[in-house]
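Notes follow the structure.
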Amino acid sequence: IWAMRSLRLSPASRARDPIGHIVRPWLLAGLSLAGWTAWAQQPLPALPKPLPPNILAALEAQDIPAEALSVWVAPADRGPVRLQHLSETLRPAASVMKLFTTGAALHTRGPAWTWQTDVALTGTLHPDGRLTGSVHVRGSGDPSLHMEQVHTMLSRWRAAGLRHIEGDIVLDHQVFQLSSHDPWAFDGKGLRPYNAGPSGLLLNQQAITLHLLPDAARPGQIRVAVEPLLAGVHVQADLTPDSRSACGDWRAALNLQLQAAPGWPRHGLPPWEIRVQGPYPLSCGPQTWPILWPNGDGHDFGARLLLQTWRQVGGELDGHVRSGAWPEHAITWQSWTSAPLTEVVRDINKFSNNVMARQLFLTLGRPLSTTNDASGIAPVTLQDAQAAVARTVRDLTSATTCGPEQLVLDNGSGLSRTESSTAACLGHWLRALWASPTMPDLVASLPLTGVDGTARRWEGAAGHARIKTGSLAGVAAAAGYVDGVSGQRHVVVGLVQHPRAAQARPVLEALLNWARQDQ
């Protein structure tokens, strides 16, 4: 239009340029029309695809709005995103956040990486097995020191000639610099083992198991045993057998108390008592009751377990079991090597173990070259771990995909009100891990739907999806890999944030089923 207006020139202008005043406006008009045509032929940005009907139906059935769901689905190796819905919305992801911790660990440490728990002796070890000094144990954050490993470790002390410790057993937890941990703070369930806090020397995950068993010596009666045995701890059970009631929620009917008991401390450990009282339906048969040890930050539990185990293997102790620093210039007498990282990652992902995830997360805060040697290295803080894992995630994805606005790390386990991610960040992270040399170890660690781990009761893509699940109050999540009918594997992420999230499993199962039908 502007070019055509130039035809209306004054007579003087037309006299100065008798040809150009006719050609130039039409040329300009042609160029303008060509430019508009080229712009019109450019492809428009792809509009978000609507959620598939089966997912919408599942949302409606569970009375969950579509705005509460974030989705990201794409081929694991290459190709465009198949489905995304509110994929840039930052949401809590519960235990699915363990994928960042375990994936970063496998990528930076390798599947065969291990922790070392060192032991040193001060004083002199005599031929008769007497040590005129103390035994020092230095932890490195090993998540896998269960009671069986503790028993084997102390049996090796005995096999090496140690029998009688005239000094102390000194435990060094200082590889991690941690604030005090309150197991009641998160959800008010401080006796649940999942609320255990991390420790530089974590033994048996700070948990005991009560075994309620029919008493073979007294038919019709119930015996309560504790595993593992702890020094200075006594069990007092007063259960009333109930032969009429169905099993039901037998724990809720019992009164459980763990408390200090009267008496003098021995080896620095005051006596404690576990009291269990109430009716117990005989129809329940043998049952187990896992409990987090409530006293202290793990130091008390570790001291009791070590002392009791030392006695069980035939050892003697004159002094105390206490916390203390590793002696300067101490020479390592023995070292306990953990299970390889790939086994630890399997336990974390298959069974969603929170305290093991927190141990691993903190371990990643240490420089790789010094992780197994604590000498002269500053203790790891939670901030060190957060920075290290975030850096690894950004390096494998991008700062725009998984930057601070798309990924918020807290303790690495997902048992947090602040730890969160976008579905797109999780998706790109899983895609990056698919291309990593450690991909087989990560995929093998994920529960198989309908088969094992936390996904054994999931029906979505049963037998064809390896996923990490997660749930908190108001949160439900699933992320992992789904085998498509075509033979191609897909990355699938689904995050639900809503008061009815506890009912959201059918929605996430519908997402897995949709991803599988890729033909």
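Before moving on, here are some points about what is shown:
- The residues in the stretch 475-519 that are modelled with pLDDT under 95 and touching a helix residue (DSSP H, G or I) at 6+ places or on another chain (Cβ under 8 Å) can be counted, and the count is 0.
- Considered as a group, the residues in the stretch 407-427 that are over 20 Å from residue 382 (Cβ atoms) and buried (at least 24 other Cβ atoms within 10 Å of the Cβ) include one that is nearest to the chain's Cα centre (by Cα), and that residue is 426.
- Residues that are open to solvent by less than 10 Å² (accessible area, probe 1.4 Å) and under 15 Å from residue 315 (Cα atoms) within the stretch 154-174 comprise 154, 157, 162, 165, 169, listed in sequence order.
- Enumeration of residues in the stretch 212-243 that are touching a Phe, Trp or Tyr at 6+ places or on another chain (Cβ under 8 Å) and at negative phi: 212, 222, 230, 233, 234, 239, 240, 241, 242
- Per the conditions (1) part of a loop (DSSP other than H, G, I, E, B); (2) surrounded by fewer than 17 Cβ atoms within 10 Å (Cβ to Cβ), the sole criterion not satisfied by residue 143 is (2).
- The set of residues in the stretch 434-458 that are part of a loop (DSSP other than H, G, I, E, B) and in contact (Cβ under 8 Å) with a residue 24 or more places away in the chain comprises 435, 436, 438, 446, 447, 449, 452, 458.
- Elements of the type strands (runs of 3 or more DSSP E) sitting completely within the stretch 182-298 and holding at least 3 residues that are touching a Leu at 6+ places or on another chain (Cβ under 7 Å) and surrounded by 13 or more Cβ atoms within 10 Å (Cβ to Cβ): these cover 222-227, 272-281, 287-292.
- Whichever residue in the stretch 477-502 is in a loop (DSSP other than H, G, I, E, B) and open to solvent by 60 Å² or more (accessible area, probe 1.4 Å) and, among such residues, is nearest to residue 63 (Cα to Cα): 500
- Hey, residue 306 in a helix (DSSP H, G or I) and in contact with a strand residue (DSSP E or B) (Cβ under 7 Å, 6 or more places away or on another chain) or not: yes
- The set of residues in the stretch 87-127 that are in contact with a His (Cβ under 8 Å, 6 or more places away or on another chain) and open to solvent by 20 Å² or more (accessible area, probe 1.4 Å) comprises 121, 122.
- Apart from one condition, residue 374 fits all of (1) under 18 Å from residue 142 (Cβ atoms); (2) hydrophobic (A, V, I, L, M, F, W, C); (3) modelled with pLDDT of 95 or more; the exception is (3).
- Against the criterion of being at positive phi and either surrounded by fewer than 19 Cβ atoms within 10 Å (Cβ to Cβ) or of a type in the set (D, E, K, R) (or both), residue 320 does not qualify.
- Filter pass, residue 382 being at pLDDT 95 or above, in contact with a Phe, Trp or Tyr (Cβ under 7 Å, 6 or more places away or on another chain), of a type in the set (A, V, I, L, M) and buried (at least 16 other Cβ atoms within 10 Å of the Cβ): no
- Scanning the stretch 323-349 for residues that are part of a helix (DSSP H, G or I) and open to solvent by 20 Å² or more (accessible area, probe 1.4 Å) turns up 342, 343, 346, 347.
The values are calculated or read from the model by the stated rules, or taken from the named source; none is laboratory data. No experiment lies behind these values; they were computed from the predicted model shown. Cβ coordinates were reconstructed from backbone atoms using ideal geometry, including for glycine residues, and neighbour counts include every protein chain displayed. Surface accessibility is based on the protein's heavy atoms, side chains included, excluding ligands, DNA and RNA. Shrake-Rupley method; radii C 1.70, N 1.55, O 1.52, S 1.80 Å.
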